[in-house]
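Working notes, beginning with the structure itself.
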Amino acid sequence: MGNVLGPVLDLHRPLRREEPLTNPGSFDELHRKCKEVFPQQMEGVKLIINKALSSHFQTFPMLVGDIDSGGSLNAQVLHLVAERIRTKAVFQTQQARFVTWQFDGELRGDDYTATLTLGNPDVLSQSVIVVAHFLQSVTSRLVLGGEMVYHRRPGEEGAIVTLAGKYTALKWVATLNIGYGGAHASYYHRANEQVQVGVELEANTRLQDTTFAFGYQLNLPKANMVFRGLLDSNWCVGGVLEKKLPPLPVTLALGAFLNHWKNRFHCGFSVIVG
């Protein structure tokens with residue numbers, strides 16, 4: 001006779017619970033974890049004031065924008081239509097001429113995100129750019145998806161498909177976009193509470209160009225300071241030092257960047273309030 005107690009004894013083994021799937025976020029944010037390690041280039045003096053109007057302000061259209069001394073405008077209008085549906089309109093001008101205008105619609109499910117973008121639509125010249133994104137959480141750590149870009153203008157029409165994947169471990173994140181137009185890969189690693197590093201590789205088949213960049217972030221919590229630095233294949237080096245001034249809600253940032261090939265140096269200083 002077989003052991004009839006076998007199945008009963010198996011019931012006493014601890015059951016492995018699968019982690020619930022979460023929303024994968026936006027397609028444009030796939031490489032965000034790595035990009036946050038790199039310093040943002042600064043030039044000149046800038047004052048930034050962040051002010052939260054209310055906790056219910058997100059239910060109404062919100063305008064975010066900036067304008068430089070030359071009159072060029074970069075503005076975004078954000079609106080939360082429903083709990084899972086978001087819309088965005090982007091406008092960019094070069095002095096008094098419009099150069100970019102696009103409209104986005106995003107649907108966020110429990111374990112997926114779908115986005116449709118309409119860029120620079122022109123009925124008279126019959127030109128338009130349509131971008132579709134889709135991301136799906138396959139497991140609690142793996143996200144897969146893709147992008148399709150369709151463009152049309154007089155005498156030219158075509159589409160490009162790109163596949164994407166991201167794997168998130170306990171201390172590192174690896175992301176890859178690959179398609180006919182090229183590839184974009186990034187790797188983020190958190191060594192400890194003070195040190196974070198990131199590596200980014202971009203290859204463009206149309207321009208026959210490949211770039212490589214290494215970035216790092218050093219956190220000094222006792223000194224209320226954060227330093228970010230970078231080095232890329234174009235022999236550009238740079239860094240940004242941020243210093244918080246508690247109890248005031250003020251952050252000072254000083255950055256410097258040097259491009260050895262172009263023999264160009266620029267620096268900047270900013271004050272962030274809020």
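The values are calculated or read from the model by the stated rules, or taken from the named source; none is laboratory data. All figures in this text were calculated on a predicted structure; none of them were measured in a lab. When we count neighbours, we look across all protein chains shown, and the Cβ atoms used for this are built from the backbone with ideal geometry, even at glycine. With ligands, DNA and RNA removed, areas are computed over all heavy atoms of the protein, side chains included. Shrake-Rupley method; radii C 1.70, N 1.55, O 1.52, S 1.80 Å.
Things worth noting here:
- Look at region 101-125: where a residue is without any contact (Cβ under 8 Å) to a residue 40 or more places away in the chain and a partner is among the hydrophobic types (A, V, I, L, M, F, W, C) and loosely packed, with under 14 Cβ neighbours inside 10 Å, sitting 6+ places away or on another chain with Cβ atoms under 7 Å, you get Leu107/Ile85.
Condition check ((1) assigned to a strand (DSSP E or B); (2) aromatic (Phe, Trp, Tyr); (3) surrounded by 15 or more Cβ atoms within 10 Å (Cβ to Cβ)) across all residues:
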{"site": "Ala174", "(1), (2), (3)": "yes, no, yes"}
{"site": "His189", "(1), (2), (3)": "yes, no, yes"}
{"site": "Ala203", "(1), (2), (3)": "yes, no, yes"}
{"site": "Phe214", "(1), (2), (3)": "yes, yes, yes"}
{"site": "Gln217", "(1), (2), (3)": "yes, no, yes"}
{"site": "Asn234", "(1), (2), (3)": "no, no, no"}
{"site": "Gly238", "(1), (2), (3)": "yes, no, yes"}
{"site": "Leu241", "(1), (2), (3)": "yes, no, yes"}
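- Of all residues making up region 97-125, the number that are under 26 Å from Leu135 (Cα atoms) and in a strand (DSSP E or B): 19
- Members of region 243-269 that are within 24 Å of Val195 (Cβ to Cβ) and surrounded by 14 or more Cβ atoms within 10 Å (Cβ to Cβ): Lys243, Lys244, Thr251, Leu252, Ala253, Leu254, Gly255, Ala256, Phe257, Leu258
- Residues in region 126-145 that are in a strand (DSSP E or B), free of Cβ contacts under 8 Å to residues at least 40 places away in the same chain and farther than 20 Å from Gln102 by Cα: Leu142, Leu144.
- Selection within region 21-37: residues that are open to solvent by 50 Å² or more (accessible area, probe 1.4 Å) and assigned to a helix (DSSP H, G or I). The member of this set that is farthest from Ala174 (Cα to Cα) is Asp28.
- Each residue in region 154-172 was checked for being exposed (fewer than 14 other Cβ atoms within 10 Å of the Cβ) and not small (Gly, Ala, Ser), and 7 of them qualify.
- Scope region 64-74; condition assigned to a strand (DSSP E or B) and either of a type in the set (S, T, N, Q) or exposed (fewer than 15 other Cβ atoms within 10 Å of the Cβ) (or both); matching residues: Val64, Gly65, Asp66, Ile67, Asn74
- Within region 176-187, tally of residues that are outside any strand (DSSP E or B) and either open to solvent by 90 Å² or more (accessible area, probe 1.4 Å) or over 25 Å from Pro121 (Cα atoms) (or both): 1
- Residues (closer than 22 Å to Gln92 by Cβ and open to solvent by less than 30 Å² (accessible area, probe 1.4 Å)) located in region 119-139: Gly119, Ser127, Val131, His133
- Close Cβ contacts (under 6 Å, 6 or more residues apart or on different chains) running from residues in region 234-246 that are under 26 Å from Glu202 (Cβ atoms) to residues that are outside any loop (DSSP other than H, G, I, E, B) and of a type in the set (D, E, K, R) comprise Val240/Arg228.
- Qualifying residues in region 82-118 (those that are of a type in the set (S, T, N, Q) and touching a Gly at 6+ places or on another chain (Cβ under 6 Å)) - the one surrounded by the most Cβ atoms within 10 Å (Cβ to Cβ): Gln102
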